[in-house]
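Working notes for the structure below.
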Amino acid sequence: MPVPGGGFDQAYNAQAAVDTDSLLVVAPAVTQATNDKQQVVPMIEQLRAEVADTKLPDLLPLALREATAPLSVQSSLDDALDAIVTPVRTGVVLTQRDLHAGARSAGVGFRRGERRYALRAMMQQDAAATMRWLLGHARAWVEVHDRSGEDSTSQWWQDRARHTVRTLEEMLDHEATSSTDQFGATQQEER
């Protein structure tokens, strides 16, 4: 290799791609070429080949592997409210705007405040109508997750949203066949 000041030395140009978190060398290369810029494309190609050849386990992110249990038919009102406003428990995102639209759809008043509080107020006014609206909202989220992909994380969200739909359907069936309101809400009387 040419050296500063003239002449040649027996030398090599080493390149390495390094993972910045672990500082692990993931793709080494040695060449006699003196120009580092000409080594970028071969290094990227080597990295792509490494990734293609590596069989990585299809693991869920830790937050999903350790997620709290999903919504349950046996849930108390408090646990159901906690689950419904927690996306990782239901696969459903519920915003203030959604709740406001849901209150209109269910024919109940909307009380501003924290989402759990607003949802509790809706349930206390008309649990069945509020749950029917929640069921429709959860079904819309199933459709969103169905378009998200086939990887294990997308599949987890799809399964969680589908579970929520089935659970809300069971809760509504129980609500319709029971003489008492599962959540202790005061039902609106027909006028």
Looking only at segment 68-92, filter to residues that are in a loop (DSSP other than H, G, I, E, B) and of a type in the set (Gly, Ala, Ser); which one of those is surrounded by the fewest Cβ atoms within 10 Å (Cβ to Cβ)? ALA69
Please give the number of the condition VAL41 fails out of (1) out of contact with any strand residue (DSSP E or B) (no Cβ under 8 Å at 6 or more places or on another chain); (2) assigned to a helix (DSSP H, G or I); (3) of a type in the set (A, V, I, L, M, F, W, C); (4) surrounded by 10 or more Cβ atoms within 10 Å (Cβ to Cβ). (4)
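Residues checked against (1) under 30 Å from VAL18 (Cα atoms); (2) touching an Asp or Glu at 6+ places or on another chain (Cβ under 8 Å); (3) of a type in the set (A, V, I, L, M):
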site	(1), (2), (3)
ALA63	yes, no, yes
PRO87	no, no, no
VAL142	no, no, yes
ARG147	no, no, no
Extreme residue, surrounded by the fewest Cβ atoms within 10 Å (Cβ to Cβ), among residues of segment 109-128 that are in contact (Cβ under 8 Å) with a residue 24 or more places away in the chain and either touching a Gly at 6+ places or on another chain (Cβ under 8 Å) or more than 23 Å from ARG160 (Cα to Cα) (or both): GLN124
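What residue, of ARG65, ARG97, ARG104, is of a type outside the set (A, V, I, L, M), exposed (fewer than 14 other Cβ atoms within 10 Å of the Cβ) and more than 30 Å from ASP126 (Cα to Cα)? Steps first, answer last, please.
Working: ARG97 fails: more than 30 Å from ASP126 (Cα to Cα); ARG104 fails: more than 30 Å from ASP126 (Cα to Cα).
Result of the check over ARG65, ARG97, ARG104: ARG65.
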What is the one condition in (1) on the phi > 0 side of the Ramachandran plot; (2) without any contact (Cβ under 8 Å) to a residue 12 or more places away in the chain; (3) not basic (Lys, Arg) that PHE8 does not satisfy? (1)
Among the numbered criteria (1) on the phi < 0 side of the Ramachandran plot; (2) outside the structural domain of SER152 (by TED's automatic domain parsing), which single criterion is violated by LEU94? (2)
Given the conditions (1) closer than 25 Å to ASP58 by Cβ; (2) of a type outside the set (Asp, Glu); (3) part of a helix (DSSP H, G or I); (4) modelled with pLDDT under 95, every one holds for ALA176 apart from (1)
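Out of segment 93-107, which residues are outside any loop (DSSP other than H, G, I, E, B), touching a helix residue (DSSP H, G or I) at 6+ places or on another chain (Cβ under 7 Å) and not polar (S, T, N, Q)? First the steps, then the outcome.
Applying the first criterion (outside any loop (DSSP other than H, G, I, E, B)) to segment 93-107 yields 96-106.
Applying the additional criterion that residues be touching a helix residue (DSSP H, G or I) at 6+ places or on another chain (Cβ under 7 Å) yields 96, 98-99, 102-103, 105-106.
Selection gives ASP98, LEU99, GLY102, ALA103, ALA106.
Going by the structure shown, is ASP146 touching a residue at least 40 places away in the same chain (Cβ under 8 Å), in the same structural domain as LEU168 (by TED's automatic domain parsing) and surrounded by fewer than 15 Cβ atoms within 10 Å (Cβ to Cβ)? Break it down stepwise before answering.
Values: touching a residue at least 40 places away in the same chain (Cβ under 8 Å): no; in the same structural domain as LEU168 (by TED's automatic domain parsing): yes; surrounded by fewer than 15 Cβ atoms within 10 Å (Cβ to Cβ): yes.
In short, no.
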Pairs please, first residue from segment 162-176 and farther than 17 Å from VAL93 by Cβ, second anywhere and among the acidic types (Asp, Glu) and modelled with pLDDT under 95, Cβ atoms under 8 Å, 6+ apart in sequence or on different chains. GLU175/ASP181
From ALA29, ALA49, ALA33, residue being assigned to a loop (DSSP other than H, G, I, E, B), out of contact with any Phe, Trp or Tyr (no Cβ under 8 Å at 6 or more places or on another chain) and within 16 Å of ALA16 (Cβ to Cβ): ALA33
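The values are calculated or read from the model by the stated rules, or taken from the named source; none is laboratory data. Keep in mind that this is a model prediction, so the values were computed, not measured. Here the Cβ is made from the backbone with ideal geometry for all residues, glycine too, and neighbour counts use every protein chain on show.
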